[in-house]
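Working notes, beginning with the structure itself.
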Amino acid sequence: MKLRDQPIYDVAQLCAQKGVTQAVLCPGSRCAPLTLSFARHKDITVRTLTDERSAAFVALGMAQQIQSPVILVCTSGSAAYNFAPAIAEAFFQEIPLIVFTADRPKEWIDQLDGQTIRQQNIFGNHVKQSFAFPEDYGHPDAVWYIHRVVNEAINLSKEYPQGPIHINAPFREPLYPALNEKISYSLGLKTIETKKIESNLSVAEAEAYRKRLAAFSKILILAGQNDFDEELGKSVEKFSVSHSAPIVGDILSNMHSRQCVIRHAETFLGACTDDIKKTLQPELLITFGKSIISKNTKLFLRTSKPVEHWHIRPSGKAADTFQSLTEVIHCDPKAFFRSLAFDSSPKGFSSQKKENFLRLWQAEEHRSELSLKKFEEENTFSEIAIVKEFIAQLPSRCNLHLANSMSVRYVNLIGLEAGKKGIHVYCNRGTSGIDGCTSTAIGHALSNETPNFLITGDLAFFYDRNAFWHNYKLPNLHVLVLNNHGGIIFNIIDGPENIPEQEEFFITQQKLTAKNVAHEFGFDYLHIDSPKKIKNSLKDFFIFDGKTKLLEVESNQEENKIAFKKLKEQLKKGYGA
């Protein structure tokens, strides 16, 4: 006998048939039909997290790690709104999520019924599309519609650019099956599949772009945020070598495994003279990937505009971040660089000019490396010094998660060497918020057995402490907390440090330590507050013995501010300033 909520139970069956088998469920009553649908399905792995904001970021991390959509379910009312920060992050990072929000029937909206808000299109333009299930399933067309929506939602979430899909599901009471009523799933449900056609340059298109490339002597490649992709890295490197084109890639480009990458553009573009910047100005800028961290690189490219700027992406529109975009090339970046790796232009004066341009960028990179090394030798105890030592000891294969604000900036300044190609770097730079950095790292840790390290500041850490409020073991997660008891970035950036309200309203002084969090959740706790503790604490921290570990570095804001300013001064000394 078919159950009243059979079409809803079959949502889980359709997801399983289409290979979507990971679900994050948030407790609630209105969502009971969906919760039972996923929880009782033998092919779907479910995890339960109480805090909806954290749960959504955990789902985001899982989807990013497994490269597949993850199901996210919550009850009605404000619970849905708590998904919003992670959904916005998923939208701009192009990460697939299938978001189900339970709801009241439409006749009860705006009638002061409990846990009832206006949920239709609640996530606005931060989802690829919003759907709504019908409230009654008596007619066969309603069942057909539910099945079609699930198929479309999964397909759309995976189509480039990937992203979150919202399905609002109103449910009438009773919400639970009757006593002794067993849930079953319909077999052989119809699935709708989409076929991906690879985006490659044709022979004629490749030849046309080779001729256009030959007209430029100063070609610059800029890699935005990307997941680690060995094939992409090799293709870009081959193109770079054949065209003598520098590759600028910050820490989130995951291009550090390539020997030819310019890693320290942020440092030397903030310190070098205007005359040097003129020599570094490209004629052709080729970009791919998402956002970059470096403000100095953005400012440089906005003021030193190229003649042409090509952005490579498989489909869709491209952002004009540097106000110079002239052409969007709809092609897979791997295929684009692979097709054009061979330089057909004749060797001679033009070739010499290309090589000179590459050497100019390499010279500034080398100058920055020397300045950074000298600073490291002189600096003894500060956050950036400890982060440098921490990075040097990372295992050859791990995931490195970086919280926003100073954590990601420290690591970007230090950089990763080519020998660290097994380190894959992640950061929530879609919206660049601190709200779900820990939860996202936990999503990764739940989805693999690889060592996962998170570097986070105190404000980001305490803001997202509910990330640990669940019943799942995290033996492969180790967290480094940089606790300077406030938002140190507002001690460093221009503006806040010169106003009287700085201490109270920008730095946000706080007295908490991570020790109580570690005790509360049963984690191993390590502590550094002086240089003599660094060696032994880091040694213990890198031992994986089946427990989550927190290493807290307590330091003085003023000392960190001084260290950061010394770094800037050292970089300027490299230019005689």
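Fewest-first ordering of SER407, SER130 by other beta carbons within 10 Å of each residue's beta carbon gives SER130, SER407. Note on the range 6-170: Lys pairs 8 or more places apart or on different chains, Cα atoms under 25 Å apart, count 6.
Among the listed pairs LYS234/LYS277; LYS218/LYS373; LYS278/LYS572, which are separated by more than 21 Å between their Cα atoms?
Flagged as over cut-off: LYS234/LYS277; LYS218/LYS373.
Think of each Lys and Arg Cβ as +1 and each Asp and Glu Cβ as -1; about the Cα centre, that makes the dipole of the chain roughly 1420 debye. In terms of its Cα atoms, the range 6-170 spans 40, 31, 26 Å along the principal axes, sorted from long to short. Each Lys or Arg adds one and each Asp or Glu takes one away; over the other residues whose Cβ falls under 10 Å from the Cβ of SER76, this sums to 0. Straight Cα distances below 15 angstrom link LYS195 to the aspartates and glutamates GLU152, GLU159, with same-chain residues fewer than 8 positions distant left out.
Could you please rank ASP113, ASP250, ASP51, placing first whichever residue has the fewest other Cβ atoms within 10 Å of its Cβ?
Fewest-to-most Cβ neighbours within 10 Å comes out as ASP113, ASP51, ASP250.
Rank ASN484, HIS309, CYS260 by how far each Cα sits towards the positive end of the charge dipole of the chain (+1 on Lys, Arg Cβ; -1 on Asp, Glu Cβ) and give me just the farthest. Farthest towards the positive end: CYS260.
Judged by a Cβ-Cβ distance under 4.7 Å, the unpaired cysteines of the chain are CYS15, CYS31, CYS260, CYS272, CYS331, CYS398, CYS427, CYS437.
Among residues other than ILE122 with Cβ under 15 Å from its Cβ, the summed charge is +3 (Lys and Arg +1, Asp and Glu -1). A simple packing score, the average count of other Cβ atoms within 10 Å per residue, orders the peptides 15-21, 30-36 as 30-36, 15-21, with the highest score first. Electrostatic bookkeeping for SER555 treats Lys and Arg as +1 and Asp and Glu as -1; over the other residues with beta carbon under 9 Å from its beta carbon, the sum is -4. When PHE462, PHE239, PHE336 are sorted by how many other C-beta atoms sit within 10 angstrom of their C-beta, beginning with the fewest, the order is PHE462, PHE239, PHE336. The dipole here belongs to the range 257-335: it is taken about the Cα centre, uses +1 on the Cβ of Lys and Arg and -1 on the Cβ of Asp and Glu, and is about 280 debye.
Each Cα pair under 8 Å and six or more residues apart adds its sequence gap; the mean of these over the residue count of the range 214-353 is a relative contact order of 29 percent. Across all directions, the shadow cast by the convex hull of the range 379-572 built on its C-alpha atoms averages 11.3 square nanometres. Helical runs (DSSP H, four residues minimum) scored at -39500 (n - 2.57) apiece and divided by the length of the chain put the mean residue ellipticity at 222 nm at -11500 deg cm²/dmol.
Loop-located trypsin sites (Lys or Arg not before Pro) in the range 174-283 (DSSP state other than H, G, I, E, B) with a sparse environment of at most 14 neighbouring Cβ atoms within 10 Å: LYS182, LYS190, LYS195, LYS196.
In this structure, the residue pairs whose Cα-Cα separation is over 25 Å, taken from LYS421/LYS533; LYS295/LYS388; LYS238/LYS353, are LYS421/LYS533. The residue list GLY19, MET62, ILE87 was ranked by how far each Cα lies along the charge dipole of the range 16-99 toward its positive end, using unit charges on Cβ atoms, and GLY19 comes out on top. State the answer as a single residue: which of ASN452, ILE165, ALA208 lies farthest towards the positive end of the charge dipole of the chain, with beta carbon charges of +1 for Lys and Arg and -1 for Asp and Glu, about the Cα centre. Farthest towards the positive pole: ALA208.
Taken together, the values in this text are just the output of simple stated rules run on the coordinates, not laboratory data. Since the model is a prediction, treat every value here as computed from it, not as a measurement. Quick reminder, even Gly has a Cβ in these numbers, built from the backbone with ideal geometry, and neighbours come from all protein chains shown.
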